[in-house]
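Comments concern the structure below.
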Amino acid sequence: MRYISTRGDAPIRDFSGVLLAGLAEDGGLYMPETWPQLDLAALRGLPYAELAARVMQPFIGNCIAPDIIHAMTRDAYAGFGSKAVVPLVQLDTNVWTQELFHGPTLAFKDMALQLVGRLFDHVLAERNERVTIVGATSGDTGSAAIEACAGRSRIDICILHPDGRTSDVQRRQMTTVLADNVRNLAVAGTFDDCQDLVKAMFADMPFRTEMHLSAVNSINWARILGQIPYYVAAALALGAPDRAVDFAVPTGNFGNVLAAYAARRMGVPINRLIVASNRNDILARFLAANDMSVRGVEPSLSPSMDIQVSSNFERLLFELLDRDAQLTAKTMTEFRATGHMPVSHAAWSRATALFTGFTLSDADTLSAIRALHASSGYLACPHSIIGIEAARALVQAPTPIIAEATAHPAKFPDAIVQAIGIHPPLPAHLADLYDREERYTRVPADLAAIETEVRHLARRNAA
Ligand SMILES: *Cc1c(COP(=O)(O)O)cnc(C)c1O
């Protein structure tokens, strides 16, 4: 499989090249040149790890042998808290939720990142290279990246978080990972300071080259790839290929719902994709009225969906524009300059034929968590409940609708306490989180001090 940039002015790469490159040199995002077609009937009844390996294989092509991919998926999902890996729970007639939060950090990012860490390690070993991954986190994505890289032989990872400004659960999920190749830096500053420091490290070219700096951010195609199989699994379980399904997806950077779109392009019968948002409703405004215009980010009870611009939307735009890379580049440049994305009526109509927007306020989020818990005993996190509410509102019998549950409720104890007055217990494999040893280094918000720490980490593990 060959990969092309959405902006048409970057080298064509194979899977390994795209994995290591992340963003394309022209500022675009890599996309597969074609959509492989699935033989759905042949995938029925397979264990999740095997299904995932078979769905991903055509995208990886000759870069990694099929049996190695299968070994990776087996290993990546073996430690999950559910044997089914991504179990379906029926909530109502035709309404289901698919739990994507049984991984080590209790959020759906583990689905892809557990694979991406292993893919990096494999490709780097073949090339006899190492990388140092640096990143900033306000709490959530850092832990999934750390869990993905911990103990990997070719990767060192250093994550900056704002000292004292993450929740206890979030900090402990990062700082109790004691692997030698992991370093947590608690920066005396804000999340923005942390992000600026990471950008400054990437901009320091001698340092960047010396450390082989890399990132595992959400625009990497491998992140999308690792999310396609659970859409295939859910559709198969509920009757595909003979019966179509709908999905409702709590959305931030548009990565998860883009994976659903990819599954559809591969032949999974999907009628509708519901893009579920909180009060940060740029995608809902686009789908309702072709109004993709940037406003300030407002904090909500579902912080992982607090976005201004969804970075992966560019991949859908490329498709809506019939893969016209020049027009995609022009549209993105204008969006950046004006804060408004000019999309033709024809392209917008193609989007609305498949995608529907849905938004929920914080107040309605809390009452929906409460009502669902009272009526069924099911406890949903403040992100997942928005997908579930969307599914309940928009279900069209007899088509099953599946709401993707993106995090475990125990990850967001404050919102759950507000909703139902009960502190949600951590699942068994994390129950001792508050008793585990923590390891992190406090540093000033100073580039030189932080580069010294990163250098120290990378040297120690190369030795
Ligand atoms: C990252 C995240 C989302 C948003 O997913 P995207 O792929 O960015 O759209 C939703 N919910 C939770 C819990 C998340 O961590």
* Estimated FRET transfer efficiency when R0 is 41 angstrom, pair A78-D9 (beta carbons, to 0.05) -> 0.50
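Under unit Cβ charges (Lys, Arg +1; Asp, Glu -1), what dipole magnitude, rounded to 20 debye, does segment 55-204 have relative to its Cα centre? Don't skip to the end; give the middle numbers.
Details: 13 positive and 18 negative charges, 53 e Å.
That gives segment 55-204 a dipole magnitude of about 260 debye.
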* Restricting attention to the alpha-carbon atoms of segment 173-265, what are Rg (one decimal) and Dmax (integer), both in Å? -> 19.1, 56
* To do: In square nanometres and to one decimal, what's the mean projected area of the convex hull around the Cα atoms of segment 4-83?
  => 6.4 nm²
* Backbone HN-Hα couplings from phi across segment 436-444 [Karplus 6.51/-1.76/1.60, Hz, Gly and Pro as x] -> 6, 5, 9, 9, 7, 10, 7, 9, x
* **Value of D in µm² per second that Stokes-Einstein yields for segment 336-389, Kirkwood Rh from Cα pairs, at 10 °C (1.306 mPa s)** => 115 µm²/s
* **Estimated inter-spin distance, H429 and A371, nm [label 7 Å along Cα→Cβ]** => 3.4 nm
* **Calculated log₁₀ intensity ratio I(q)/I(0) where the Debye formula runs over C-alpha points of segment 383-449, q = 0.17, 0.19 Å⁻¹** => -0.82, -0.89
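To the nearest 20 Debye, how big is the dipole of the chain about its Cα centre, given +1 on the beta carbon of each Lys and Arg and -1 on that of each Asp and Glu?
Result for the chain is approximately 560 debye, rounded to the nearest 20.
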* Counting DSSP beta bridges with both ends in the chain, the antiparallel % (nearest 5) -> 20 percent
* To do: Can you tell me the alpha carbon radius of gyration of segment 59-212 divided by the globular rule-of-thumb value 2.2 N^0.38 Å?
  => 1.17
* Asked: If you take the beta carbon distance between R439 and M205 as r and set R0 to 22 Å, what does 1/(1 + (r/R0)^6) give as a FRET efficiency, to the nearest 0.05?
  -> 0.10
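What shape does segment 206-364 have by the C-alpha gyration tensor, where a ≥ b ≥ c are the square roots of the eigenvalues, rounded means a/c under 1.5, and otherwise prolate means a/b greater than b/c and oblate the rest?
Values: a/c = 1.33, a/b = 1.18, b/c = 1.13.
Cα axes put segment 206-364 in the rounded bin.
Can you tell me the relative contact order of the chain? Whole percent, Cα pairs under 8 Å, sequence separation 6 or more. Working shown, then result.
On the way: 891 pairs, mean separation 87.3, N = 463.
The normalised contact order for the chain reaches 19 percent.
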* Structure fact -> In whole Hz, the Karplus estimates of ³J(HN,Hα) for segment 14-21 (6.51, -1.76, 1.60; θ = phi - 60°; x where Gly or Pro) are 8, 4, 4, x, 5, 4, 6, 6
* In the chain, what percent of the accessible surface is made up of carbon and sulfur (1.4 Å probe, ligands and nucleic acids excluded)? -> 50 percent
* To do: Please list, or write none, the lysines whose alpha carbon is within less than 24 Å of the alpha carbon of K83, excluding same-chain residues fewer than 8 places away.
  => K109, K411
* Kirkwood Rh, Cα Rg: Rg to Rh for the chain? -> 0.94
* Structure fact -> Plugging the Cβ-Cβ distance of V309 and A363 into 1/(1 + (r/R0)^6) at R0 = 22 Å yields, to the nearest 0.05, a FRET efficiency of 0.30
* To do: Would you mind getting the accessible area per residue of the chain, heavy atoms of the protein chains only, 1.4 Å probe, in Å²?
  => 39 Å²
* Protection proxy ranking, peptides 238-247, 337-346, average beta carbon neighbours within 10 Å, highest first -> 238-247, 337-346
* Non-local amide H neighbours of V245 (under 5 Å, H modeled in plane, Pro and chain starts lacking H): which ones? -> I270, N271
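Translational D (Stokes-Einstein, µm²/s) of segment 411-463 at 37 °C and 0.692 mPa s when Rh comes from the Kirkwood sum over C-alpha pairs? Each step should come with its number before you reach the end.
On the way: Rh = 14.9 Å.
Translational D for this selection: 220 µm²/s.
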* To do: Classify segment 135-201 as rounded, prolate or oblate, taking a ≥ b ≥ c as the square roots of the eigenvalues of its Cα gyration tensor: rounded when a/c is under 1.5, otherwise prolate if a/b is larger than b/c and oblate if not.
  => oblate
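Could you work out [θ]222 nm for the chain from helices alone, using -39500 (n - 2.57) per DSSP H run of at least four and dividing by all its residues? Round to the nearest 500 deg cm²/dmol. Walk me through the numbers before you get to the answer.
Numbers: 20 runs with 210 residues, N = 463.
Value at 222 nm, helices only: -13500 deg cm²/dmol.
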* From a point 7 Å beyond the Cα of D291 in the direction of its Cβ, which residues of segment 362-389 have a backbone N at a distance under 19 Å? -> 362
* Asked: Quick one: Karplus J couplings for segment 88-97, per residue in order, coefficients 6.51, -1.76, 1.60, θ = phi - 60°, nearest Hz, x for Gly and Pro?
  -> 9, 10, 7, 9, 6, 4, 6, 10, 10, 10
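The values are calculated or read from the model by the stated rules, or taken from the named source; none is laboratory data. A quick note: this is a predicted structure, and the numbers were derived from the prediction, not measured. Heads up, the Cβs are rebuilt from the backbone with ideal geometry, glycines too, and the neighbour counts pull from every protein chain shown. All accessible areas refer to the heavy atoms of the entire protein, side chains included, with ligands and DNA or RNA removed. Shrake-Rupley method; radii C 1.70, N 1.55, O 1.52, S 1.80 Å.
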